[in-house]
Amino acid sequence: MKEQKGVGRMWSLYKMGGFTPAIASMLGSQNAQQMAFIRSVNKEQRKQSMLDTPLQELEVVVFDLETTGFYPSNGDEIISFGAVVLRGAELQEEKTFYSLVNPKRRIPKHIVELTGITNDMVEDAPDLMQVLHDFMEFIGKRLLVAHASGHDKQFLNAALWRTSKVNLNHRVLDTILIAKWLQPKRGSYGLDELLEENGIPITTRHHALEDSIMTAKLWQTYIHLILERNITTLGDLYAYLSKH
């Protein structure tokens, strides 16, 4: 009960005037600074409109998460973040992000087998607040892109809310939506099938950074196809996607 009252008091103080010494004391100085940064990045994103940005100049971050399961509301946690930057159709492989996360719970055996991430590997990994802070710093104001983004958005939103009491304000564009628009008669839109069809080598699946790079190469392919249809801005692309 005392802990609940403390948390409630912390948020009352926050709403009244930002991070007071009392809040810093409750959270710890470093966590308070990280939370303030996350909230600031998220707030700034609301002010930005990128719909008029030409696709050839648009910077995006293609990202992927690995998790202990499918349901953050049931205690599943993020165990790794991966991301890479593109400008237009140019993949900037020198601008990558990868980090394990200590989920502070056991990773199920089937997830260990799927991802290759063991409990020993995450034991000394940074906690969620630290990695989320670093990830938000990496993405900045860029558009986010992911394949089958519902899972990743669900966990990212849960992480942002739990650590910083904010929801994700960044736009997230799903490569499945683009694939369905470009190829509406396909039977499957799984990442493996789309990679194979477009001649993109499959490296290590279910590794957050490798999956991000492979999805980024798929995005590269789609950008060229989109531009061939005389769709030149992000706003134009959203308009076409909304019709399909």
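Structure notes:
- Scanning region 105-154 for residues being of a type in the set (Asp, Glu) and farther than 30 Å from Gln220 by Cβ gives a total of 5.
- Qualifying residue in region 131-152 (condition: within 22 Å of Ala89 (Cα to Cα) and of a type in the set (Ser, Thr, Tyr)): yes
- Residue in region 183-192 that is out of contact with any Cys (no Cβ under 8 Å at 6 or more places or on another chain), farther than 25 Å from Glu94 by Cα and either of a type in the set (Asp, Glu) or part of a helix (DSSP H, G or I) (or both) present: no
- Flag for Phe63 being assigned to a loop (DSSP other than H, G, I, E, B) and in the same structural domain as Ile231 (by TED's automatic domain parsing): no
- Residue within region 48-56 that is within 30 Å of Asn230 (Cβ to Cβ) and outside any loop (DSSP other than H, G, I, E, B) present: yes
- Residue within region 116-133 that is of a type in the set (Ser, Thr, Tyr), crowded, with 18+ Cβ neighbours inside 10 Å and either in the same structural domain as Glu59 (by TED's automatic domain parsing) or modelled with pLDDT of 95 or more (or both) present: no
- Qualifying residue in region 175-183 (condition: among the basic types (Lys, Arg), assigned by TED's automatic domain parsing to the domain that holds Phe81, more than 27 Å from Met35 (Cα to Cα) and out of contact with any helix residue (DSSP H, G or I) (no Cβ under 8 Å at 6 or more places or on another chain)): yes
- Residue selection: Met121 satisfies the criterion of being among the aliphatic types (A, V, I, L, M) and more than 19 Å from the chain's Cα centre (by Cα).
- Only one entry in Gly28, Gly18, Gly8 is closer than 30 Å to Arg106 by Cβ and at pLDDT below 80, namely Gly28.
- Hits in region 48-73 (condition: among the charged types (D, E, K, R) and buried (at least 18 other Cβ atoms within 10 Å of the Cβ)): Glu59, Asp64, Glu66
- Taking (1) in a loop (DSSP other than H, G, I, E, B); (2) in contact (Cβ under 8 Å) with a residue 12 or more places away in the chain; (3) out of contact with any helix residue (DSSP H, G or I) (no Cβ under 8 Å at 6 or more places or on another chain); (4) not polar (S, T, N, Q) in turn, Gly199 satisfies each apart from (2).
- Considering (1) modelled with pLDDT under 95; (2) buried (at least 19 other Cβ atoms within 10 Å of the Cβ); (3) assigned to a helix (DSSP H, G or I), the lone condition that Arg162 does not fulfil carries the number (2).
- Cβ separations smaller than 9 Å between residues 6+ apart or across chains give the following pairs from region 116-143 residues that are polar (S, T, N, Q) to residues that are not in a loop (DSSP other than H, G, I, E, B): Thr118/Val112; Asn119/Val112; Gln130/Gln30; Gln130/Asn31; Gln130/Gln34; Gln130/Ser99.
- The residue that is farthest from the chain's Cα centre (by Cα), counting only those in region 80-98 that are buried (at least 19 other Cβ atoms within 10 Å of the Cβ) and of a type in the set (Gly, Ala, Ser), is Ser80.
The values are calculated or read from the model by the stated rules, or taken from the named source; none is laboratory data. Predicted model only: the values in this text are computed from it and were never measured. Using ideal geometry, Cβ is built from the backbone for each residue, glycine included, and neighbour counts are taken over all protein chains shown.
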